[in-house]
Structures are given as structure tokens and as C-alpha cells.
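Below is one structure, written out as C-alpha cells; the observations come after it.
The values are calculated or read from the model by the stated rules, or taken from the named source; none is laboratory data. A quick note: this is a predicted structure, and the numbers were derived from the prediction, not measured. Here Cβ is always computed from backbone atoms with ideal geometry, including for glycine, and neighbour counts include all displayed protein chains.
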Amino acid sequence: MRALLFLALFSLIPAGGPAQWQNKELQAKLDARMSQYSLSANGLADAILRVAKQFELPVGIEWVKDKETAQGLSLTWKDHSVAAMLRSVVQKFPGYELRVEQGEVHVFRRDLLDDGRNFLNLKVPDFFEVHQEGGGRANQQLEAVAQNIVSPRNLPPGAGEGGSYTSGNVPEKPLSLTLRGLTFREALNKLVETSERKIWVVTFSDTPVLTPTGFRRTETLWHPTPFPDRDQPVWDFLAWQEYMPQSAPGAPPSPR
Amino acid sequence: MHRHPLVPFPFCSVRIQYSGAPGSLQAQVSSIESRGNLVVDSHVQNEGNGWAGSGANPWHLDDDTESILFLTNESDKTAGIGLSVTANNVYYYLTDLRLNPHETRVIDLRKLRDAQIADFKKNLIPANATDGSVEWIRLDNVAVMGRLMVINRRQGMASNYDCCTCPCSLDYSLEALVMSPASASVAVNGQTSFNVTATTENCNGSFKFFNVTSSAIWSSSDTSVATVGSGGIVTGQGGGTATISADFYGCLDWETNIDNECECELDGSPGPASGQVNVQTPTSLSIVAGTSSTTSEAKCTTSGGLSGCGVTRTFTYQVNDQNGQPINAANMAVGDVICNTSTNQLNLQSYKTTCGGMTGSCWGTSGPCGKFTDANGRFPESLPVCAPACISSGTCCTAGKTIANQTWTVDGYTLSTDVKSITYQCNGVLVNGK
């Protein structure tokens with residue numbers, strides 16, 4: 001028990017690096033004490049995201065949506081810090097861990113971190129760069145690049161791309177970023193660090209069936225059924241106000 | 001009243017008893033402070049003159065003069081008060097004045113004037129008004145004492161006008177109910193509110209108004225379109241128009257009985273008030289901001305790593321209802337689907353969309369996916385194109401176009417009759433040919 005406690009405390013110590021100033025701001029939010037706080041949530045990701053939205057915490061979550069992690073939970077704390085509340089949520093799900101690193105709260109299943117079937121461990125191709133794009137559009141492009149690796153479409157020579165993008169109700173400022181040499185996980189962290197969107201969630205499906213290229217299948221918080229192979233991988237990249245607990249995960253929308 | 005000058009009064013009261021008919025007495029009581037610095041001049045009038053409230057009491061404001069109205073509920077019950085302030089031919093009404101049992105409410109006429117808050121008829125007390133009158137009635141059959149004090153600091157004199165602690169006669173009637181607004185629009189699942197105001201009239205033909213929203217009985221003519229709850233809160237359920245009604249019961253006619261007591265002769269409602277609510281469903285999109293100007297995408301790269309060039313057009317959409325009117329609602333979820341048409345000179349083989357994924361042979365899903373309208377029911381859109389086909393001899397050119405159809409879904413409503421034709425070109429993007 002003492003070892004577990006030590007591990008949990010150690011995991012909340014901010015890591016060093018370029019986002020150190022953000023770590024300080026984040027740590028102050030995590031240290032804030034609540035005289036009383038109640039949380040009812042539909043599983044691990046929903047619980048973390050509700051707290052993240054309320055306290056405006058940057059978060060990255062990589063989880064497997066299964067019977068255990070999708071189970072509802074209801075908790076009440078008295079005189080706890082935000083960090084302690086998050087820690088007690090994560091401790092309810094065996095195999096999961098919480099770290100504060102690169103200016104965000106990172107919640108993940110331990111075995112996914114170095115799993116070769118997890119696309120987040122792939123490197124972003126060298127050609128990818130963000131030039132004067134909003135964070136959401138940059139994420140859309142990053143997702144398309146990941147999809148071309150995980151679900152190659154065998155496009156004919158000279159194929160072009162069109163599309164549409166809306167930032168919704170989140171005003172965005174243009175960014176210029178180089179993500180060369182980073183893994184997709186690190187790239188998402190970079191987008192969270194620099195853009196208005198502060199949440200990324202990769203939801204892995206609870207299925208042993210991999211994509212034809214050997215990657216874990218993914219789904220989103222919103223879509224009730226897993227996406228087909230040709231659309232893999234997918235993830236959620238949200239601003240705090242875009243997370244609507246009452247309509248996610250998987251439920252019909254009722255945001256107002 | 002005479003008093004030895006060396007022994008001060010902590011307080012005193014004056015009781016006037018008379019045997020005349022109701023309404024036959026007007027008295028004036030003056031109280032002079034021993035050094036003559038303060039004179040309180042009090043006009044007293046009983047209620048028997050035909051109304052359960054004040055007459056028109058004059059107020060005045062200047063650098064040395066304040067006018068303050070005190071209203072005291074002397075009963076154990078809540079008392080509704082209808083109050084009007086008149087200045088420069090403007091009638092200004094307070095319609096939410098309700099006194100708790102034994103409460104004294106202080107209304108500073110200067111603060112009321114300077115607050116410049118419109119009443120339910122959008123009237124304001126003129127900001128430069130220095131004189132006027134104030135009048136009130138009690139709307140419940142309980143004793144209320146009102147007193148307007150006009151205090152002149154420099155002259156050391158205060159005047160007050162009061163009346164009306166008698167229960168009789170409460171000669172005013174409930175004349176009509178008025179709904180505001182007369183009509184309103186709301187999105188499906190959205191909420192709006194109506195108010196209903198009771199109009200009362202006293203024997204002098206003077207009107208007072210009182211907000212009865214919380215105690216009215218509310219109903220909707222079509223609950224599949226809109227439902228209404230207590231307090232006039234209306235929730236949109238489905239597209240269309242519904243009539244929202246509110247009824248309120250009170251005394252329509254007061255009479256004085258032989259014991260000189262007030263009795264309600266006729267209870268009832270003057271008839272319900274009604275308003276229209278238009279429940280809006282997302283039906284179409286119009287471009288409200290953004291031009292045909294574009295941002296160059298020279299040397300862009302496709303997600304497959306191919307070099308190309310192209311442009312991005314950015315603009316703002318407004319969500320409109322079935323009548324072409326804007327839906328000014330926040331947090332409507334949006335998603336789009338893009339389908340290729342036969343013209344594909346730029347060799348566009350895939351489209352990124354708001355919610356990603358695919359629907360049949362088309363790109364995109366209807367959502368929701370966490371993208372919502374702003375408070376005005378608007379959202380921005382960028383339409384990018386990046387095509388190797390736009391490069392000729394190493395430089396960007398303007399040849400060719402690809403036309404696709406785009407269908408939006410807003411808050412679960414697929415705008416299938418408002419399919420946008422998107423023309424992707426190397427030097428610009430057109431929506432419906434513009």
C-alpha cells in the first residue's frame with residue numbers, strides 16, 4: 001500500500017522540459033483544494049474529462065473502452081486537492097496510470113505506452129508541418145497523415161485532397177509548428193501545449209481484431225460504433241467547452 | 001400639541017378620530033423640532049375616498065431635495081403593490097413590487113430615476129426630470145401604509161404625504177392580462193420565457209400593472225411544438241408555431257359591505273393572455289461573413305506526402321430556420337458529408353471533413369463530434385484544397401476544377417434540401433458558384 005502511495009505521488013511530480021512554465025501553472029491547479037466535490041461519470045475518460053473541463057486542465061488520455069472502464073462511477077471528496085481526486089479516479093481502474101508531463105495530465109494504460117500496435121508510438125513523417133494553421137485544422141491534417149499510414153488508401157498518382165474544417169465555437173489563432181521526429185503522442189502534446197484545444201483522447205476499441213496493418217482499432221467519444229478500417233485511426237481533440245458530458249460518450253446529442 | 005422644551009420626546013404619535021363619512025376628512029399635522037431646524041409636515045387622508053392606495057403625491061429632486069417613498073406592509077401576509085411614477089407626461093411602472101409581511105420598502109426616487117431601467121412598457125423616467133408624482137395601490141386586501149417624504153436639507157423641512165391603512169374600500173379591479181413578448185423564437189431543445197402582467201384600474205381610472213408570471217396558469221396550444229412550465233419558461237420541442245397562454249385569477253370587482261368592509265364581489269379572470277412561439281428547426285445555411293478572397297497554399301503537402309498547391313477559403317455560416325430566419329442559438333452540433341461529383345479535374349481523391357469518417361462512398365459523418373455553433377448560431381468554415389494537379393512546370397497554376405456536394409447536419413437535422421455545391425479550384429473555392 002505504501003509503495004502504491006509512493007508511486008502515485010511520484011507520478012504527479014512535474015517532469016522538466018520546455019513546457020516547465022506550463023507545468024507550474026498546471027501544478028497550481030492540481031494543488032487547489034476542494035472543501036467538497038462530487039463527481040458522477042460514465043467511466044474513466046468521462047470522469048477525467050469532467051474534472052479537466054471544470055478545472056481547465058490540459059489532458060491527454062489513451063484508454064481502452066471496455067466493460068470496466070466504461071462503468072459508471074460516483075465519488076465524493078472532502079478537503080481533497082484536484083490532483084488527489086484525479087489520482088483516486090485513476091486508481092479505480094487497474095493497469096492505468098496518471099502522470100503530469102509536458103504541461104498536461106497524461107492518463108494511460110501502462111501497456112499501451114510501448115505497444116507497437118499503438119499508432120501513438122509511430123513517428124510523424126518528416127514532410128508534415130504546420131504552417132499558419134489553427135490548432136484544430138492542424139490536428140485534422142495530423143489525423144489524415146496517421147490514417148494514410150495505418151490505413152493506406154493506395155491513391156492513384158497525383159491524388160489531391162480537398163475538404164472542410166470548422167473550428168466551431170472556439171476562436172483559433174494560426175500556428176506554425178515543426179513536429180518532425182516526434183511520435184504522434186508527442187505531436188498531440190505539442191498541439192495541446194500551443195493551441196486553444198487542451199484535450200486529446202485516443203479511445204481504443206475492446207477488440208483483439210487489429211487493423212489489416214496490425215494496429216489497435218480506435219473509436220471516438222461521440223461515435224457509438226467503431227469506425228471502419230479505412231478511417232483508422234481516429235481520436236478526439238477538443239477545447240474544454242467542446243466536451244459535453246451529457247452527450248458523450250456515444251449518446252445522442254443534447255448539448256443545450 | 002405642546003411640550004415642555006427641556007424634556008425631549010423619544011417619539012410621539014398622533015391619532016385622529018372623526019365621525020364624518022368616509023373620505024370626508026383631510027388633516028394636516030406639523031411637527032416642529034425644538035430649535036426649529038426641522039419641520040415635518042404631514043398630510044393625512046383616509047382610504048374612504050375611493051381607492052386603496054395613494055393619491056398622486058408630488059416628488060421633487062434638486063441639489064438640496066430628496067424624495068423617498070416608504071411603503072410598509074402592516075399585515076402578516078405578502079402584499080403586492082402597483083406603483084407608478086409620473087414625470088414629464090411619462091408613466092413609469094414598477095410591476096414586481098411585493099412586500100413581505102411587516103416589511104418596509106424604501107424607494108429612493110433619485111436612484112429610481114438615475115438607474116434608467118426600462119419598465120415593461122419600455123418606458124424610462126426622464127433622466128432630467130426634477131418633478132413628478134408617485135402613486136401606488138395595494139393589490140391584496142391587507143393594510144399598507146405609504147409615505148412619500150420630500151426632504152429639503154437647506155430649508156430644514158421635510159414634507160410627507162401618506163394615506164391608506166384602512167381596509168376599505170379596495171375599489172380597484174383586475175382589467176386585463178398582457179403577455180410579453182407578443183412573439184418569440186426558440187430552437188428545438190432551447191428555452192425562452194414569457195411574462196404576463198396584470199392590469200388593474202382604480203375608481204379614478206388610474207392603471208397599475210403587476211407582474212403575475214410566477215402565479216399564472218400556463219398552457220401551450222401544441223405540446224409537440226413547445227411546452228411551457230411554471231414561470232412562463234418555454235421549451236422548443238419540434239418545428240412549428242404554438243400559442244402560449246397564461247391565465248390569472250383575481251378579484252374583478254370589489255364592493256364595500258354594510259360593515260364598511262371590503263369584499264370581493266366577483267372573482268375570476270379577465271381572460272387569458274397569449275403569445276406566439278416559433279420553434280425553429282435548422283433548415284438552411286447562409287454565408288454571413290467571408291469573401292471569395294483566399295489564402296495561398298503554395299507548396300502544400302497532401303496527407304500522403306505528395307507536393308501540391310492550392311488555396312483555402314474561409315467564411316462564416318449562419319444557421320437558418322424553416323422560415324429562413326436566423327437561429328440565434330449556441331451549441332448546435334454541426335457535421336458535414338462531402339460527395340464527389342463527376343467533375344474531378346484536380347484529381348481530388350479524399351476530403352477531410354469536420355467529423356471525419358465516411359458515409360457510404362462519401363467523406364465525413366453527420367456528427368455530433370464536438371463542433372458547435374456560437375451564441376449567434378454561427379460557425380466558421382475553411383475549405384482547403386491541395387492538389388499536385390495544380391502544379392505546372394514547378395509553379396502553381398490555375399487550371400482545372402473539382403466539384404463536390406456538401407451536406408450539413410445541424411443539431412441532428414440533415415439539411416438535405418440545402419446541399420452546397422463546392423467548386424475547388426487551384427486559385428479559389430466557390431460555394432454554389434460564388
**Item:** Members of the stretch B:393-434 found to be of a type in the set (G, A, S) and within 12 Å of chain A (Cβ to nearest Cβ), listed by number
**Value:** B:G400, B:A404, B:G412
**Asked** In this structure, does A:L188 turn out to be buried (at least 16 other Cβ atoms within 10 Å of the Cβ), in contact with a Gly (Cβ under 9 Å, 6 or more places away or on another chain) and within 19 Å of B:T365 (Cβ to Cβ)?
**Response** no
**Asked** Scanning the stretch A:230-240 for residues that are facing chain B (nearest Cβ under 8 Å) and at pLDDT 90 or above, which turns out nearest to the chain's Cα centre (by Cα)?
**Response** A:D236
**Request:** Being among the aromatic types (F, W, Y) and closer than 17 Å to A:I199 by Cα narrows it down to one of A:F128, A:F108, so name that one.
**Result:** A:F108
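Listed here are the residues, each with its yes/no results for (1) touching a Leu at 6+ places or on another chain (Cβ under 7 Å); (2) farther than 28 Å from A:W235 by Cβ.
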residue: B:N323; (1), (2): no, yes
residue: B:A330; (1), (2): no, no
residue: B:V334; (1), (2): no, no
residue: B:V337; (1), (2): no, no
residue: B:L346; (1), (2): no, yes
residue: B:G370; (1), (2): yes, no
residue: B:S382; (1), (2): no, no
residue: B:A389; (1), (2): yes, yes
residue: B:D411; (1), (2): no, no
**Complete:** Residues of the stretch B:236-264 being within 27 Å of B:S180 (Cβ to Cβ) and at pLDDT below 70, in sequence order, are none
**Prompt:** Which residues, taken from the stretch A:33-92, are polar (S, T, N, Q) and farther than 25 Å from A:P233 by Cα?
**Reply:** A:S35, A:Q36, A:S38, A:S40, A:Q54, A:S74, A:T76, A:S81, A:S88, A:Q91
**Asked** Would you say B:R35 is at pLDDT below 65, surrounded by fewer than 20 Cβ atoms within 10 Å (Cβ to Cβ) and of a type in the set (K, R)?
**Response** yes
**Complete:** In the stretch A:155-174, anything more than 7 Å from chain B (Cβ to nearest Cβ) and surrounded by fewer than 21 Cβ atoms within 10 Å (Cβ to Cβ) is listed as A:P157, A:P171, A:E172, A:K173, A:P174
**Asked** Given the stretch B:281-389, what strands (runs of 3 or more DSSP E) lie entirely inside it while holding 1 or more residues that are within 8 Å of chain A (Cβ to nearest Cβ) and farther than 24 Å from A:E196 by Cα?
**Response** B:307-320, B:334-344, B:348-352, B:378-387
**Asked** Being of a type in the set (D, E, K, R), part of a strand (DSSP E or B) and at pLDDT below 90, is that true of even one residue in the stretch B:267-277?
**Response** yes
**Message:** I'm trying to understand the selection: among the residues of the stretch A:136-194, which are of a type in the set (A, V, I, L, M), touching a residue at least 12 places away in the same chain (Cβ under 8 Å) and in a loop (DSSP other than H, G, I, E, B)?
**Reply:** A:V170, A:L179, A:L182
**Message:** Looking at B:P181, B:P167, can you tell me which residue is more than 14 Å from chain A (Cβ to nearest Cβ), surrounded by fewer than 21 Cβ atoms within 10 Å (Cβ to Cβ) and at pLDDT below 90?
**Reply:** B:P167
**Asked** Given the conditions (1) within 22 Å of A:F128 (Cβ to Cβ); (2) modelled with pLDDT of 90 or more; (3) touching a strand residue (DSSP E or B) at 6+ places or on another chain (Cβ under 8 Å); (4) part of a loop (DSSP other than H, G, I, E, B), and given that A:V202 satisfies all but one, which numbered condition is not satisfied?
**Response** (4)
**Request:** Please work out which residue is farthest from the chain's Cα centre (by Cα), limiting yourself to the stretch A:193-226 and to residues that are of a type in the set (A, V, I, L, M) and over 15 Å from A:W240 (Cα atoms).
**Result:** A:V209
**Message:** So in the stretch A:144-192, with the set limited to residues that are among the acidic types (D, E) and modelled with pLDDT under 95, which one is farthest from the chain's Cα centre (by Cα)?
**Reply:** A:E161
**Prompt:** Looking at (1) aliphatic (A, V, I, L, M); (2) touching a Ser or Thr at 6+ places or on another chain (Cβ under 8 Å); (3) more than 14 Å from chain B (Cβ to nearest Cβ); (4) outside any helix (DSSP H, G or I), can you tell me which one A:V105 breaks?
**Reply:** (2)
**Message:** Against the condition within 44 Å of the chain's Cα centre (by Cα) and over 22 Å from B:L306 (Cα atoms), how does B:T359 come out, does it pass?
**Reply:** yes
**Prompt:** What are the pairs, 6+ residues apart or on separate chains, where a residue within the stretch A:65-81 that is in contact (Cβ under 8 Å) with a residue 24 or more places away in the chain has its Cβ under 9 Å from a residue that is of a type in the set (D, E, K, R) and in a loop (DSSP other than H, G, I, E, B)?
**Reply:** A:K65/A:D206; A:D66/A:D206; A:K67/A:D206; A:T69/A:D206; A:A70/A:D206; A:L73/A:K92; A:L75/A:K92
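Residues are listed down the side, and each one gets a yes or a no for (1) farther than 19 Å from A:G181 by Cβ; (2) at the interface with chain B (Cβ under 10 Å from one of its Cβ atoms); (3) modelled with pLDDT of 95 or more; (4) touching a His at 6+ places or on another chain (Cβ under 9 Å):
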| residue | (1), (2), (3), (4) |
| --- | --- |
| A:K92 | yes, no, yes, no |
| A:E101 | no, no, no, no |
| A:R110 | yes, no, yes, no |
| A:F119 | no, no, yes, no |
| A:E129 | no, yes, no, no |
**Asked** Listed residues A:T178, A:T203, A:T213; which is away from chain B (no Cβ under 12 Å), within 28 Å of B:P380 (Cα to Cα) and surrounded by fewer than 17 Cβ atoms within 10 Å (Cβ to Cβ)?
**Response** A:T178
**Asked** If you go through the stretch A:127-157 one residue at a time, how many are small (G, A, S) and out of contact with any strand residue (DSSP E or B) (no Cβ under 8 Å at 6 or more places or on another chain)?
**Response** 2
**Message:** Take the conditions surrounded by fewer than 20 Cβ atoms within 10 Å (Cβ to Cβ), within 11 Å of chain B (Cβ to nearest Cβ) and more than 24 Å from A:V100 (Cα to Cα) and apply them to A:P152. Does it pass?
**Reply:** yes
